[in-house]
1. Output yes when any residue across the range 70-90 is surrounded by fewer than 16 Cβ atoms within 10 Å (Cβ to Cβ), in contact with a helix residue (DSSP H, G or I) (Cβ under 8 Å, 6 or more places away or on another chain) and not small (Gly, Ala, Ser), and no when none is.
2. So residue 15 fits all but one of (1) in a helix (DSSP H, G or I); (2) at pLDDT 95 or above; what number is the exception?
3. Return the residues of the range 68-94 that are among the aromatic types (Phe, Trp, Tyr) and within 14 Å of residue 33 (Cα to Cα); say none if nothing qualifies.
4. Scan the range 42-86 residue by residue and report those that are among the acidic types (Asp, Glu) and either free of Cβ contacts under 8 Å to residues at least 24 places away in the same chain or farther than 15 Å from residue 30 by Cα (or both).
5. Those residues that are polar (S, T, N, Q) and part of a helix (DSSP H, G or I), I need them from the range 47-81; list them, please.
Amino acid sequence: MTRFRAVLVSVIAGSGALAGATALAQGISLPEGPGKQQIMDSCTRCHGVDVIVAQPRSPAEWEEAVSIMIGQGAVLTDDEYNKVVTYLSTNLAPQKPSPN
């Protein structure tokens, strides 16, 4: 591994830890469930949890959003992709108005 690659990998890994630490410092967390760890490992490398929870989406919208993120460099296996989309669709979908 070249020195440049080693530094780049360190910076990328460090920024992921920083994004996760920032979200924790802000008191923002995700509910427990299958797929949460993949989100913490992959999605928070580039942005904080606050970005994820701020935009509730339908299952189709989550599929599209996660696919776009993969196109921008997020790394998920097919199984991880399915877990992430299911997790987000279950836990971060738009809330239906409660009947009065």
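The values are calculated or read from the model by the stated rules, or taken from the named source; none is laboratory data. Remember, it's a predicted structure, so these values are computed and weren't measured experimentally. When we count neighbours, we look across all protein chains shown, and the Cβ atoms used for this are built from the backbone with ideal geometry, even at glycine.
1. Yes - at least one qualifying residue is present in the range 70-90.
2. It is condition (2) that residue 15 fails.
3. The first filter runs over the range 68-94 and keeps only residues among the aromatic types (Phe, Trp, Tyr), leaving 81, 87.
Listed by number, the list holds a single entry, 87.
4. As a first pass, look at the range 42-86 and keep what is among the acidic types (Asp, Glu): 50, 61, 63-64, 78-80.
Those that are among the acidic types (Asp, Glu) and either free of Cβ contacts under 8 Å to residues at least 24 places away in the same chain or farther than 15 Å from residue 30 by Cα (or both): 61, 63, 64, 78, 79, 80.
5. Residues of the range 47-81 that are polar (S, T, N, Q), as a first pass: 55, 58, 67, 72, 77.
The one that is polar (S, T, N, Q) and part of a helix (DSSP H, G or I): 67.
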